[in-house]
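**Q** Supplied in structure tokens, the structure appears directly below.
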Amino acid sequence: MKPFEYVKPNTLAEAISALDAGGEDARALSGGTDLIVQMRAGRNVVGNVIDVKGVTETNVISHSKKDGLTIGSSVPCYRIYNDEGIKKTYAGLVDSVSIIGGTGIQGRASLGGNLCNAAPSGDGIQSLIILGAVANVEGPNGARQIATEDFCTAPGQNALNPGELLVSLSVPEPESNAGAHYLRFIPRNEMDIAVVGVGASVVLDAEKKSIVSARISLASVAPTPLFVEAAGDALKGTEIASDSVEKAAIFAQEAARPIDDMRGTADYRLHLVGVLTKRALKVAIERAENQ
Amino acid sequence: MISYNVIGQPIVRSDGFEKVTGRAQYTGDLKLPGMLWGKVLRSPFAHARIIRVDTSRAVGLPGVHAVLTGDDTRGVRYGRRLFDVPPLAEERVLFAGERVAAVAAESMEIAQNAIDLIEVEYDPLPAIADPLESMKGDAFLLHPDVNDYVGLPKKLEKVSNVFVTNTWGKGELDTGFAQADHILERTYTTPLVHQAYLEPHSCVVFIDEDQRIQIWAANKAPFALRQQLAAAIGVDEDRIRLNPTYIGGDFGGKGSPMDVPLVYFLALHSKRPVRMVMDYVEEFTAANPRHPSVTTVRSGVLNDGTLTAWEARIIFNSGAYGGFKPGVNLGGARDVAGPYKIPHTFVEAIQVYTNSVPGGHMRGPGEPQGIFAGESHLDEIARILGIDPLEFRLKNLVGEGDVTATGSLYRDVKAKETLEAASMAARYGSPLAMNVGRGMAMGARAPGGGETHVGVIFQKDGTVVARTPILDQGTGTYTTVNQVVAEELGLSSDKVQIIPWNTDAVSFDTGIGGSRGTRVASQAAYAAAQNAKQELLRAASEIRGWDPSNLVLKDNKVYKGNTEDYIDFDFVVQNCGFDIQGTSGIEDREQLTVTAFCAQIAEVAVDVETGQIKLLRFTSAHDVGQVLNPIGHQGQINGGVVQGIGYALMEELEVEDGRVSNVTFGDYKIPTMADIPELRTVLVQSKNGVGPYNIKGIGENTNTAVAAAIANAVEDAIGVRVYSLPITAEKVLAALRESNV
């Protein structure tokens, strides 16, 4: 690992000022499960590491009917999946944070870091997208919000400007009769990277017969996590008993742009997108029905 | 059964406490005054001519004590038997990962910085990764001088990339095929896989004040390494001393000299002790993984299921060098024909040079490759004939007096009993859900032979020290020696301490491998303990004036015959006036007439939408002699099965453009606990074994048949067969689609 400067600010203002001073050469550190590995392997050369785990705002979990869920960017996965309120209301989020890495990784890795790392395979990112989550960002020029589906711009690249910090994530309170699910395909049974991942959320009507709205997001089939608006739209207003799930799966396959790599061929990935989209929707609908 | 006090008991590992407390010293832990770090620059090309190596900037870096290139080791070749590996490449590099230059410096960071400052100009050449391409007559030669290499078993009539061929068989193939009602020919492939031991290859070399070459190395055959190094660098063996150290896992892969010859040259040039530890990227790209193979089996069978002919050809991809296997070829290849009564057989195994990472030994060298092909093939024949695979095997398996397919005759043959025991435990034949299937496979392996020595020395505090030149690489040989010595001297195991010897102490030790540890070490420990016991009784008789022929050692006391008259043994040790000890040297290289059978049954569920296999249950039945330690024995079964599951379902070093592309444990998948199903073990007790306790081997048999059992279970579940390992979901789905066309 190349030598680097390390600072651990105690306030948000200090963190932003340190990030601003470091410019292009600075990176925020939370769990470090991506950043430190990349620095050790020489894949990410960072001159200034700003450890933001000491900043209060990045460690918050707050949840209310009115404001929905706010998760600080440094909150590790285990705090999310052990939170009773989140387990009850945001099952589609628990699906992904409980399968990132193994138990040891989940004790360090943060959902915010998963988003900032912007891997196309990022499991947590898919859950954020299907739940309509928003990234709360602060920087030298003030605060702004970025929709999570717009946050990742290329493999390993995100929408943050130099000096900006992802402070927290806001997930809206689900509507009534809503359900969500994330699942992935991996060659073994744990501690693996998605060959394909699919997240789906649905809102059903009062009779739980038709789909009011739906969101679908795909992992590992494009340079970034892929929000497939068309697949969700195809489900709007359709009955859950109809073949609309099959149609949505075809939209998802049409949107996917997978490549061949050591984890699987493009053809196989396209096939998996179809299978997993149907499976994700099925569970999301079941969860909505059981609301 | 004979009853024992220590043998057969679940004794805690004698090295366990040191290892779990972190006190055990591995090669990488060693610190010598003035020691330097060695680092290597490796070729990024699978095949290239080296135009120029400029080391001037590295030489000038403060803290750098030696920078070597192929010019500094020119002409040196080494290996385990075939000497074809250069410490540093000279004119050409033959695989991506080959050593081109090396540095010794005062810290790892300086060494790495120096490596980064070395400039190499390459002229990339066309590379051959595929052994089938490499075998063709017009292929370029990787080793034009192969006939001049030391250790080549047989000069080649025409120099080619195929450098060794072994054959086995009996009868007349033509006759066998002429008799057959059905003839089936299929081809099977297996991948390049890594042993995945925790400790990477590491060594320390120090040329001391007396010009002795002192070595610590993660190498389980120190006497062989001493011979190999002495021959390679042209010094007397007596000048070299291998010092004992713990080895952090082996699985067959820790028998090569690896970087020791190069580090010797770094120590020579820097005049300092030098340590080199491979990182895991280097392990994955440039150590000695299990050979990939391409195997074609052609069989003849009668309508009633009687096998008449079996022809198999295994092509092993040796990679760029052949030096990392002690037999030059892999003898386990013959197991492609298995423990079956087949009258007309011919098996051929060849090794082919290619521009890829050199292959080495891994747990049953050649057997997992051969057995995957052979046992997959048997199952397919049974299904074509409409005979249950269990019945089919029982019909063709050897019994007492039968000769195996490649001509071995064993006594006390438990092949059918072992398979039936597995079948019972797996509830073979009971109903299965949709897309769930069961498959079986068999293996057989006798423990290898060899030579070793043991010394047993009574201590004045009433304990005993056992000395051995064996380096325990994790399989529990020290615990075996401990238990034998404790048993024979009537002591509890905590009174016996193992202290390894260096290579100066005795004449030779074959080293651990081939499941020989228990066979050879238990005999040597037994003989040494008996000799020590006689010495103790003699000393007791001298002190008391008793008749030495009528003394009994029992409960830490020496009794006069069957009387109540005794003398405490520590009193004897303290007062006899000399050291009481016994030593033994055992050389047992006999080809055994007993073997150990293994029958395994996998139960799998297949997700037909994704092709994913879920292993539901696994049963492993073993034909055993006296189990020396049930914990260690079960550990070998569990570990072997898990390693076999990885080989079956997920492990593969993927090579793109001649380079290994999955170089971390994130990308090179091995099973985690979540991938391991319920494991049922059945032991079939045999009265016949080797040595004073009638033992058999268990270390390798456990992992050789797993992949075939799983492949066969997949076919049972969904009616399609995958002919290449690993059996990934994508391959299963492709096979399903093909079958639906």
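**Q** Given the criterion buried (at least 21 other Cβ atoms within 10 Å of the Cβ), in contact with a strand residue (DSSP E or B) (Cβ under 8 Å, 6 or more places away or on another chain), modelled with pLDDT of 95 or more and hydrophobic (A, V, I, L, M, F, W, C), identify the matching residue among B:722, B:714.
**A** Numbers: B:722 fails: in contact with a strand residue (DSSP E or B) (Cβ under 8 Å, 6 or more places away or on another chain).
One residue alone meets the criteria, B:714.
**Q** Please note which helices (runs of 4 or more DSSP H) are completely contained in the stretch B:24-142 and include at least 1 residues that are in contact with a Ser or Thr (Cβ under 6 Å, 6 or more places away or on another chain) and surrounded by 23 or more Cβ atoms within 10 Å (Cβ to Cβ).
**A** The qualifying helices (runs of 4 or more DSSP H) are B:131-134.
**Q** Right, another one. Sort out for me the strands (runs of 3 or more DSSP E) sitting completely within the stretch B:530-575 that have 2 or more residues that are under 22 Å from residue B:6 (Cβ atoms) and aliphatic (A, V, I, L, M).
**A** On the way: elements: B:551-554, B:557-560, B:566-568.
In the stretch B:530-575, B:551-554 are the strands (runs of 3 or more DSSP E) which contain 2 or more residues that are under 22 Å from residue B:6 (Cβ atoms) and aliphatic (A, V, I, L, M).
**Q** Quick check on my filter: what residues within the stretch B:413-433 are part of a loop (DSSP other than H, G, I, E, B) and in contact with a Gly (Cβ under 9 Å, 6 or more places away or on another chain)? Don't jump to the end; show me each part of the working.
**A** Initial filter on the stretch B:413-433 (part of a loop (DSSP other than H, G, I, E, B)): B:413-414, B:426-433.
Correct list: B:413 only.
For every residue, the table says whether it meets (1) more than 13 Å from chain A (Cβ to nearest Cβ); (2) aliphatic (A, V, I, L, M); (3) under 21 Å from the mean Cα position of the chain (by Cα); (4) in a helix (DSSP H, G or I).
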{"position": "B:593", "(1), (2), (3), (4)": "yes, no, no, no"}
{"position": "B:611", "(1), (2), (3), (4)": "no, no, no, no"}
{"position": "B:615", "(1), (2), (3), (4)": "no, yes, no, no"}
{"position": "B:645", "(1), (2), (3), (4)": "no, yes, yes, yes"}
{"position": "B:662", "(1), (2), (3), (4)": "no, no, no, no"}
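**Q** Given the criteria part of a helix (DSSP H, G or I), at pLDDT below 95 and outside the structural domain of residue A:285 (by TED's automatic domain parsing), does residue A:42 qualify?
**A** Values: part of a helix (DSSP H, G or I): no; at pLDDT below 95: yes; outside the structural domain of residue A:285 (by TED's automatic domain parsing): yes.
Answer is no for this residue.
**Q** Inspect all residues belonging to the stretch B:654-675 and state whether any of them is closer than 16 Å to residue B:603 by Cβ and surrounded by 20 or more Cβ atoms within 10 Å (Cβ to Cβ).
**A** Residues of the stretch B:654-675 closer than 16 Å to residue B:603 by Cβ: B:675.
Subsequent filtering for residues that are surrounded by 20 or more Cβ atoms within 10 Å (Cβ to Cβ) retains B:675.
Checked the stretch B:654-675: at least one residue is closer than 16 Å to residue B:603 by Cβ and surrounded by 20 or more Cβ atoms within 10 Å (Cβ to Cβ).
**Q** Would a scan of the stretch B:143-150 turn up a residue that is touching a Ser or Thr at 6+ places or on another chain (Cβ under 7 Å) and touching a residue at least 60 places away in the same chain (Cβ under 8 Å)?
**A** First, pick out the residues of the stretch B:143-150 that are touching a Ser or Thr at 6+ places or on another chain (Cβ under 7 Å): none.
Looking through the stretch B:143-150, none of the residues is touching a Ser or Thr at 6+ places or on another chain (Cβ under 7 Å) and touching a residue at least 60 places away in the same chain (Cβ under 8 Å).
**Q** So which residues in the stretch B:604-639 are over 22 Å from residue B:420 (Cα atoms), crowded, with 17+ Cβ neighbours inside 10 Å and in contact with a strand residue (DSSP E or B) (Cβ under 8 Å, 6 or more places away or on another chain)?
**A** Matches in the stretch B:604-639: B:605, B:606, B:610, B:612, B:613, B:628.
**Q** Another question, if that's okay. Could you give me the residue pairs with C-beta distances under 8 Å whose first residue belongs to the stretch B:674-686 and is in contact (Cβ under 8 Å) with a residue 60 or more places away in the chain and within 14 Å of chain A (Cβ to nearest Cβ), whose second residue is assigned to a strand (DSSP E or B) and of a type in the set (Asp, Glu) wherever it lies, and which are 6+ apart or on separate chains?
**A** What qualifies is B:677/B:603.
**Q** Can you pull out every residue in the stretch A:71-101 that is under 22 Å from residue A:137 (Cα atoms) and in a loop (DSSP other than H, G, I, E, B)? Walk me through how you get there before you give the answer.
**A** Filtering the stretch A:71-101 down to residues under 22 Å from residue A:137 (Cα atoms) leaves A:71-77, A:79-80, A:93, A:97.
Hits for the stretch A:71-101 are A:73, A:74, A:75.
**Q** Sticking with this structure for a sec: For the stretch A:181-217, give me each residue that is among the basic types (Lys, Arg), within 14 Å of another protein chain (Cβ to nearest Cβ) and touching a residue at least 40 places away in the same chain (Cβ under 8 Å).
**A** Passing the criteria: only A:184.
**Q** Just checking, does the stretch A:228-244 include any residue being over 18 Å from residue A:176 (Cβ atoms), out of contact with any Cys (no Cβ under 8 Å at 6 or more places or on another chain), among the acidic types (Asp, Glu) and within 14 Å of another protein chain (Cβ to nearest Cβ)? Quick ask: steps written out before the conclusion?
**A** First, pick out the residues of the stretch A:228-244 that are over 18 Å from residue A:176 (Cβ atoms): A:228-234, A:238-239, A:241-244.
Right, trim to out of contact with any Cys (no Cβ under 8 Å at 6 or more places or on another chain) and you get A:228-234, A:238-239, A:241-244.
From the residues that got through so far, the ones that are among the acidic types (Asp, Glu) too are A:229, A:233, A:239, A:243.
Within this subset, residues satisfying the condition of being within 14 Å of another protein chain (Cβ to nearest Cβ) are none.
No, the stretch A:228-244 contains no residue that is over 18 Å from residue A:176 (Cβ atoms), out of contact with any Cys (no Cβ under 8 Å at 6 or more places or on another chain), among the acidic types (Asp, Glu) and within 14 Å of another protein chain (Cβ to nearest Cβ).
**Q** Ok, one more. Return yes or no: is residue B:572 within 14 Å of another protein chain (Cβ to nearest Cβ), out of contact with any Phe, Trp or Tyr (no Cβ under 6 Å at 6 or more places or on another chain) and either hydrophobic (A, V, I, L, M, F, W, C) or over 30 Å from residue A:273 (Cα atoms) (or both)? Walk me through how you get there before you give the answer.
**A** Working: within 14 Å of another protein chain (Cβ to nearest Cβ): no; out of contact with any Phe, Trp or Tyr (no Cβ under 6 Å at 6 or more places or on another chain): yes; either hydrophobic (A, V, I, L, M, F, W, C) or over 30 Å from residue A:273 (Cα atoms) (or both): yes.
No.
**Q** Pick from B:734, B:709, B:717: which is touching a residue at least 40 places away in the same chain (Cβ under 8 Å) and under 22 Å from the mean Cα position of the chain (by Cα)? Talk me through it step by step, then tell me what you get.
**A** On the way: B:734 fails: under 22 Å from the mean Cα position of the chain (by Cα); B:717 fails: under 22 Å from the mean Cα position of the chain (by Cα).
That would be B:709, the only listed residue that is touching a residue at least 40 places away in the same chain (Cβ under 8 Å) and under 22 Å from the mean Cα position of the chain (by Cα).
**Q** A further question on this structure: Can we say residue B:687 is more than 19 Å from residue B:442 (Cβ to Cβ) and either part of a helix (DSSP H, G or I) or not assigned by TED's automatic domain parsing to the domain that holds residue B:439 (or both)?
**A** No, not satisfied.
Yes/no per residue for (1) farther than 22 Å from residue B:598 by Cα; (2) within 14 Å of chain A (Cβ to nearest Cβ):
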position: B:706; (1), (2): no, no
position: B:709; (1), (2): no, no
position: B:713; (1), (2): no, no
position: B:716; (1), (2): no, no
position: B:725; (1), (2): no, yes
position: B:733; (1), (2): yes, yes
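**Q** Here's another thing I want to ask about it. Is it true that residue A:173 is in contact with a helix residue (DSSP H, G or I) (Cβ under 8 Å, 6 or more places away or on another chain), part of a helix (DSSP H, G or I) and among the acidic types (Asp, Glu)? So that I can check it myself, show each step before the final result.
**A** On the way: in contact with a helix residue (DSSP H, G or I) (Cβ under 8 Å, 6 or more places away or on another chain): yes; part of a helix (DSSP H, G or I): no; among the acidic types (Asp, Glu): yes.
No, not satisfied.
The values are calculated or read from the model by the stated rules, or taken from the named source; none is laboratory data. None of the values given here were measured: they were computed from a predicted structure. Quick reminder, even Gly has a Cβ in these numbers, built from the backbone with ideal geometry, and neighbours come from all protein chains shown.
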